[in-house]
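Structure first, commentary second.
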């Protein structure tokens with residue numbers, strides 16, 4: 001069957017759409033490629049930050065659910081999102097950048113032979129930067145060409161995603177038997193799995209936390225992870241596979257920007273399968289204006305007046321602005 005190609009996107013929860021826009025745009029230098037609504041809750045923004053073109057495997061997205069409490073870190077949850085940067089030198093640049101903008105971070109460390117930098121945002125959402133210095137496997141995207149981060153140091157896509165589990169046997173069965181990943185390495189309690197061509201853009205890292213309390217979703221936590229699949233035919237193959245193993249799932253879901261399928265194969269973790277296209281450049285926004293308007297999938301466009309009345313507006317215009325590349329020397 002059509003197996004998983006890599007990470008497609010990660011969706012998290014933020015306390016503020018405006019603040020996460022500023023953090024990702026002005027500090028991380030990722031491009032807002034779509035400002036739309038949560039298609040299951042139109043009172044909520046769904047913001048997509050990605051590489052210059054909004055390529056699959058490069059975007060992290062956010063919901064800003066009204067009245068949501070702060071999340072609780074723990075076991076049995078998707079816990080940390082990582083991004084790819086071109087090389088080890090880029091990590092040294094990011095240390096300076098985080099210090100300049102007072103972003104909480106750790107020192108550069110090595111995981112599975114790769115240089116890594118852990119950091120967090122204002123909600124204590126957990127992130128990491130992974131160096132692609134010696135990476136082999138699925139290709140990454142390209143940095144936001146007109147953003148504030150120098151292109152040679154910029155974020156190019158998603159790296160390994162961290163999962164916390166209380167039971168190694170359970171999560172290993174899900175990843176290897178149900179999702180057809182391969183376990184390729186282990187360091188202490190960390191277990192590295194790969195899919196597709198492997199490499200930073202096609203990996204998950206499992207941290208075994210046997211005695212920790214379960215995590216609780218809220219702002220500062222991850223809502224779900226999406227895996228890349230080729231197209232709609234592959235999506236139907238995964239529906240058949242989930243039916244065969246007796247897994248409950250959403251069935252086919254049309255998100256307009258891609259086609260999806262959702263399932264819970266492990267407690268506390270929502271997995272999505274998302275097609276590589278059609279993408280974010282559409283009939284409403286061209287390349288130059290991605291993310292600048294409140295974009296609505298066709299099924300919501302006859303409700304635009306109402307949607308705009310319940311979703312607070314904030315300015316995400318960037319095509320009229322010039323961002324100076326910040327070298328921080």
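Observations on the structure shown:
- Along each principal axis, Cα extent of segment 174-274, largest first, Å: 39, 32, 27
- Cα-based Rg of segment 194-329 normalised by 2.2 N^0.38 Å, two decimals: 1.36
- Against the empirical curve 2.2 N^0.38 Å, the C-alpha radius of gyration of segment 1-63 lands at a ratio of 1.18.
- Given R0 = 41 Å, the distance between the Cβ atoms of residue 210 and residue 301 translates into a calculated FRET efficiency of 0.25.
- An ellipsoid equivalent to segment 21-147, defined through the eigenvalues of its Cα gyration tensor, has semi-axes of 25, 18, 15 Å when rounded to whole angstrom and sorted largest first.
- Judged by the mean number of other Cβ atoms found within 10 Å, the most tightly packed of the peptides 271-284, 73-86 leads the ranking 73-86, 271-284.
- Here the simple spin-label model places points 7 Å from the Cα toward Cβ, and for residue 112 and residue 16 these points are separated by 3.5 nm.
- Among 184, 253, the ranking by other beta carbons within 10 Å of each residue's beta carbon, starting with the fewest, stands as 184, 253.
- Normalised by the number of residues in segment 82-182, the mean separation of alpha-carbon contacts (under 8 Å, six or more apart) gives a relative contact order of 33 percent.
- Fraction of C-alpha pairs exceeding 18 angstrom in segment 128-197: 51 percent, rounded to a whole number.
- Within a Gaussian network of the chain (alpha carbon springs, distance under 10 Å), most fluctuating of 306, 127, 287: 306
- The three principal axes of the Cα atoms in segment 6-310 give end-to-end lengths of 54, 51, 36 Å, sorted in falling order.
- Ellipticity estimate at 222 nm from DSSP helix runs (n ≥ 4, -39,500 (n - 2.57)) divided over the chain, nearest 500: -3500 deg cm²/dmol
- For the chain, averaging the sequence separation of C-alpha pairs within contact (under 8 Å, six or more residues apart) and dividing by the residue count gives a relative contact order of 24 percent.
Here, each number is a calculation from the coordinates, and none is a lab measurement. Because the structure is predicted, anything quoted here is derived from the model rather than measured. Virtual Cβ from ideal backbone geometry, glycine too; neighbours counted across all protein chains shown.
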